[in-house]
Amino acid sequence: MGQPSRTQNEASFAGAINISVEEAEGQPLLGGGQETRENLHHEPSCIMEVNGDGTGSSTRPLKVIDEENLAVEIPETAHQISSDSWFQVGFVLTTGINSAYVLGYSGTIMVPLGWIPGVLGLIIATAISLYANSLIAKLHEFGGRRHIRYRDLAGFIYGRKAYSLTWGLQYVNLFMINTGYIILAGSALKDVYALFSDDHVMKLPYFIALSGFVCALFAMSIPHLSALRLWLGVSTVFSLIYIVVAFVLSVKDGIEAPARDYSIPGTTQSKIFTTIGASANLVFAFNTGMLPEIQATIKQPVVSNMMKSLYFQFTAGVFTNALANIAAFLQTVIALHIFASPMYEYLDTRFGITGSPFSIRNLSFRVGVRGGYLTINTLVAALLPFLGDFMSLTGAISTFPLTFILANHMYLKAKKNKLTSLQKLWHWLNVYFFGLMSIAAAVSALRLIAVDSKTYHIFADL
């Protein structure tokens with residue numbers, strides 16, 4: 001099958017023609033064979049432009065064809081893109097990572113691993129997470145176009161099946177993270193309640209339901225990720241409050257309390273499983289699973305600006321307890337919105353929610369659809385409020401594959417002609433190592449859930 005002419009290729013890049021792949025002067029753009037397969041990665045799957053207001057617009061989408069001739073059509077986004085500074089995106093990353101989840105790392109990471117392995121593990125996890133995220137960031141404009149969604153990038157490199165698989169993995173990941181946020185918020189509210197009341201009438205599921213309602217109200221008022229702006233600064237203040245309070249109280253407790261036994265608890269078998277589970281929590285601690293979606297909001301040049309944002313992320317009494325827990329609750333509401341934004345973007349784009357974010361139609365849509373989504377999140381959170389188990393399982397089945405396995409393999413596939421044999425070997429080692437870690441961590445997390453299911457019941461008041 002003949003290849004397209006040079007003129008056809010240039011016209012496709014420039015957007016001078018508005019025709020589908022199959023209609024290009026009667027010539028099929030992509031045919032079989034490896035040589036034509038290489039041309040696939042030099043053709044954009046759609047021509048994306050950015051308007052002055054930062055919203056994306058495109059001509060009629062072109063199609064990316066995989067080896068089985070199945071098309072991946074990339075929809076135009078209904079959300080704002082290419083409008084944020086690297087500094088703002090850095091705060092998005094920081095807010096998502098330095099969330100109230102950090103308050104649980106002492107129990108989910110330090111207790112199973114111990115002081116020295118736990119601290120070393122956090123340092124190593126920081127380094128490998130920065131490395132893996134930088135690989136994804138460098139592929140944001142691969143093939144001559146911006147990939148504003150994780151699944152778009154996977155579909156462009158691998159084809160339709162990978163597009164669907166990545167979509168599923170990512171949204172399982174984000175759903176579980178958001179469920180964990182609602183558990184966190186509910187637990188923080190319950191702790192505030194317990195400080196001022198001894199009746200214990202209000203149980204954890206009630207506070208989880210209240211937290212879900214507040215998160216839904218916030219989701220309805222913030223149309224897209226770029227609109228957070230001022231709230232990112234508010235989130236940072238809340239983060240500093242509970243981190244500083246937790247640090248001061250820990251130092252005070254350490255000075256005044258008697259000597260403690262910091263050895264790792266449990267039998268040899270349980271230590272093995274909890275150590276593996278803690279490794280999944282380590283990678284969960286520093287990764288979002290939605291880097292392309294965050295990078296989509298950043299201004300040009302997108303790669304260098306995103307690298308600045310990543311470096312910014314990875315470097316940057318009764319009343320006191322109440323203040324810390326209130327701050328944790330409020331910061332969790334903001335952080336949840338970040339991790340829910342890919343789902344909001346998909347739904348808004350799917351149903352054509354454009355124009356004024358506060359028009360009756362758009363506001364009604366957010367109330368119904370986002371409210372419904374967070375209702376499901378809240379119900380799952382109240383049913384199974386085992387935060388540590390959620391972190392382990394999320395890290396195992398989605399964070400490991402998305403952040404480490406897929407990142408290394410996509411970079412290897414995209415840059416294979418530019419990598420040395422040693423570099424290729426390095427990326428393949430990462431793929432296999434983190435693949436094995438993902439399987440082991442999933443087994444460990446499922447075991448933890450099985451054990452906790454015997455101890456706790458649904459709608460437990462933990």
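A few comments on the model shown:
- If the Kirkwood radius is taken over C-alpha pairs of the stretch 253-383, then at 25 °C and 0.890 mPa s the Stokes-Einstein diffusion coefficient equals 125 µm²/s.
- Flagged links, alpha-carbon separation over 27 Å, of K190/K252; K252/K308; K161/K308; K190/K454; K299/K424; K161/K413: K252/K308; K161/K308; K299/K424
- Ordering K161, K415 by accessible surface, largest first, gives K161, K415; the 1.4 Å probe counts only protein heavy atoms, with every chain in place.
- From the alpha carbon centroid of the stretch 82-135 to that of the stretch 237-263 is 19 Å.
- Accessible-area rank, largest first, for H200, H79: H200, H79, with all protein chains present and a 1.4 angstrom probe.
- For the stretch 236-390, the solvent-accessible area of protein heavy atoms averages 46 Å² per residue (probe radius 1.4 Å; ligands and nucleic acids excluded).
- The stretch 100-179 - Debye-derived log10 I(q)/I(0), Cα point model, q = 0.11, 0.19, 0.27 Å⁻¹: -0.46, -0.95, -1.19
- In this structure the amide hydrogen of D84, modeled in the peptide plane, comes within under 5 Å of the amide hydrogens of I298, K299, none closer than 5 places in sequence on its chain.
- Relative compactness, the stretch 194-256, computed as alpha-carbon Rg over 2.2 N^0.38 Å: 1.58
The values are calculated or read from the model by the stated rules, or taken from the named source; none is laboratory data. Just so it is clear, the structure is predicted and the values come from calculations on it, not from any experiment. Protein only, heavy atoms only, side chains kept; ligands, DNA and RNA dropped before computing areas. Shrake-Rupley method; radii C 1.70, N 1.55, O 1.52, S 1.80 Å.
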